[in-house]
């Protein structure tokens with residue numbers, strides 16, 4: 001039953017991921033917020049592991065867990081939150097993240113000689129063109145509506161982070177207990193965000209309902225439910241069940257951004273969304 005419900009619940013929760021990044025605008029700097037989130041999540045998973053008397057990974061494996069978490073949590077979420085804080089739409093960031101399976105398949109083919117589907121290259125071309133259509137209006141704009149290429153670059157770097165983190169997740173650490181592994185991985189993410197916050201000189205932290213509400217959902221919803229389901233599905237091979245449902249994440253994020261923040265997509269961008277998501281779906285066909 002969990003293998004059937006997990007993908008649906010994951011998509012519903014995951015679609016709010018970058019909505020949180022937009023919601024903390026003006027109340028917390030992104031890396032500082034994620035540092036708090038991952039620290040609290042580390043403590044939560046460690047407490048669960050101790051309460052359940054779960055086995056901790058061998059010390060020799062800890063660096064792999066830190067690296068996986070640093071990539072999946074620190075680089076991916078940190079880069080994505082920073083990009084959203086600097087003008088990228090949560091829906092567009094979610095769309096870019098949807099391209100991750102394409103990159104994973106391409107790297108796996110190069111490293112492990114895994115065969116690509118016969119539709120892969122057509123899907124990759126469609127996905128890339130769709131993303132360009134979505135980004136074009138903002139990249140060519142002038143004034144406050146303009147989107148810096150640096151922001152797009154950081155967003156793409158974050159997608160590379162989750163791609164690399166997924167490959168590490170499928171290594172020998174996959175046999176570790178989920179809760180104790182998650183504690184170590186979130187500690188790795190917290191370390192990356194601490195370094196980023198210090199490097200960027202972040203200090204914005206305005207306590208209040210908006211901040212505490214966003215932090216509570218980020219820890220209990222996105223980390224406790226979303227991230228746990230993601231790691232569980234990757235480890236148990238049921239990530240394939242998300243192959244179609246995950247395409248709902250960007251549209252759901254777009255609807256939420258429109259309702260909560262009044263963000264709108266142009267007809268060109270909507271067409272690009274459809275083309276990019278169609279390309280991802282085509283890549284997953286054999």
Between residue 220 and residue 5, 0.36 nm times their residue separation minus their Cα-Cα distance comes to what?
-> 75.6 nm
What FRET efficiency do you get for residue 146 and residue 270 if R0 is 25 Å and r is their Cβ-Cβ distance, rounded to the nearest 0.05?
-> 0.75
For residue 263 and residue 43, extending 7 Å from Cα along the Cα-Cβ vector and measuring point to point gives, in nm, a value of 3.0
Which distance in nm do the two modelled labels at residue 25 and residue 121 give, with both placed 7 Å along the Cα-to-Cβ direction?
-> 4.1
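Calculated from DSSP H runs of 4 or more alone, at -39500 (n - 2.57) each and per residue, what is the 222 nm mean residue ellipticity of the chain, nearest 500?
Details: 15 runs with 197 residues, N = 286.
Result for the chain, helices only: -22000 deg cm²/dmol.
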Sorted by Cβ density within 10 Å, fewest first, the residues 93, 102 | 102, 93
Roughly speaking, what is the centre-to-centre gap between the stretch 1-62 and the stretch 150-202 when only Cα atoms are used, to the nearest Å?
-> 11
The exposure ranking of 200, 12, fewest beta-carbon neighbours within 10 Å first, is 200, 12
Using mean Cβ contacts within 10 Å as the protection proxy, how do 146-158, 171-183 order, highest first?
-> 171-183, 146-158
What is the gain in length, in nm to one decimal, between residue 205 and residue 109 on full extension, counting 0.36 nm per residue of separation less the C-alpha to C-alpha distance?
-> 30.2 nm
Final fewest-first order of 192, 107 on the 10 Å Cβ neighbour count is 107, 192
Estimated inter-spin distance, residue 178 and residue 129, nm [label 7 Å along Cα→Cβ] = 4.1
Relative contact order (percent, whole number), the chain, Cα cutoff 8 Å, 6+ residue spacing = 44
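Values in this text are rule-based calculations from the coordinates and carry no lab data. These numbers come from a predicted model, not from an experiment. When we count neighbours, we look across all protein chains shown, and the Cβ atoms used for this are built from the backbone with ideal geometry, even at glycine.
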